[in-house]
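Structure record follows, encoded as C-alpha cells.
The values are calculated or read from the model by the stated rules, or taken from the named source; none is laboratory data. Worth saying up front: this structure is predicted, and the values here are computed from it rather than measured. Methodologically, a virtual Cβ is constructed for each residue, glycine included, from the backbone with ideal geometry; neighbour enumeration extends over all protein chains shown. The protein model used for the area step is the full one, side chains on, heavy atoms only, and it has no ligands, DNA or RNA in it. Shrake-Rupley method; radii C 1.70, N 1.55, O 1.52, S 1.80 Å.
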Amino acid sequence: MAILTDDMKRVIREQRLGFYATVCEDGSPNLSPKGSTFVLDDDHLFFADVRSPQTVANIRRGSLVEVNVLDPAARRGYRFKGPAAVHEAGTSRFAEGVERLRDTGSPLADRVRAIVVVEVREARALASPVADAAPAPRPPAMRAPIPAPPVESPFRAGDRVRFPDPLRKEQMTTGTFVAVAVGEPIEVPSRVGGVPPRLVESAWVRRDDGTTARVIHGWIRPVADAPS
C-alpha cells in the first residue's frame, strides 16, 4: 500500500522546501533546508545535493532522516521518516533526479553532486495549535491551489549585471542575470553583535565563463552602474 497520499504529494509539489533532520557522528542533531524536494514514487522522496555536506555525510554513516514539509499559509504539513541512500553521477537514480530538476527549469540541474533518496516508512500530519483551534475548512473558492505571485525583480534573464562573487571573496564581477531563486533564501550573518542572522531573497547569475552562482538578489547591480 502506498505511504504517500495525494495530499502529501500536493504539499511537496507546491512547497518544494523540506527541512531535513539527521544525526551527526557525535550524536548532535543537524537540520538543513532543501529547496529541491520531490516525490519520486508512492514510497520515496528525493532531494538534490548541491551544497549539503553534513547531511550527506550523516546519511552515508547510516543516519535515519526526518523531513518536514509545511504549508506556512495553512500552518499544516507533513513529516516523513525513514532511511536514505546517496546516488552519485553514473547511476540511473542520479540521471532520473537531474532530469526531473531540468523539467522544472531549475538552474541547479548542472550543479548536482548527488541525488539523495529517502525511503518513507512513516508519514504523519503536522499542524500548529492555531490550526487545531480553528479547523474550519477553506471557502470553496480557495480549495484549488493558488499559484504564488511572481517575485518582483528589476532584472530579466540575459541582462548584463554585476554581483558579489562568492568565489572571489565577494568581489564585484560581471555576468548575466538568470532568474530569481524563489524559495531558496540565503542566510546573511549579522555584522552587529547580538543580532541574529536573517534570510534574504537570492537569485541565480551566470559568470562570463559559463558557471553559475547564487547570490543575494539585493546586491546585484546593472553593469551601467559600474563606477567610472
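For region 137-156, indicate whether the set of residues that are at pLDDT 85 or above, loosely packed, with under 10 Cβ neighbours inside 10 Å and touching a strand residue (DSSP E or B) at 6+ places or on another chain (Cβ under 8 Å) is non-empty.
Yes, because at least one residue in region 137-156 is at pLDDT 85 or above, loosely packed, with under 10 Cβ neighbours inside 10 Å and touching a strand residue (DSSP E or B) at 6+ places or on another chain (Cβ under 8 Å).
Based on what the data block shows, is residue 170 of a type in the set (Asp, Glu), surrounded by fewer than 14 Cβ atoms within 10 Å (Cβ to Cβ) and either modelled with pLDDT of 90 or more or over 25 Å from residue 110 (Cα atoms) (or both)?
no
If we keep just the residues of region 173-192 that are open to solvent by 50 Å² or more (accessible area, probe 1.4 Å) and under 22 Å from the mean Cα position of the chain (by Cα), which is farthest from residue 36 (Cα to Cα)?
Only one residue fits best here, namely 189.
How many residues does region 1-15 contain that are within 14 Å of the chain's Cα centre (by Cα) and open to solvent by 60 Å² or more (accessible area, probe 1.4 Å)?
2
Take region 60-82 and flag every residue that is in a loop (DSSP other than H, G, I, E, B) and either open to solvent by 30 Å² or more (accessible area, probe 1.4 Å) or modelled with pLDDT under 95 (or both).
Hits for region 60-82 are 61, 62, 64, 72, 73, 74, 75.
For residues in region 39-59 being charged (D, E, K, R) and in contact (Cβ under 8 Å) with a residue 40 or more places away in the chain, which is least open to solvent (accessible area, probe 1.4 Å)? Talk me through it step by step, then tell me what you get.
Applying the first criterion (charged (D, E, K, R)) to region 39-59 yields 41-43, 49, 51.
From what is left, the residues that are in contact (Cβ under 8 Å) with a residue 40 or more places away in the chain are 42-43, 49.
Numbers: 42: 65, 43: 52, 49: 10 Å².
Per the criteria, the residue is 49.
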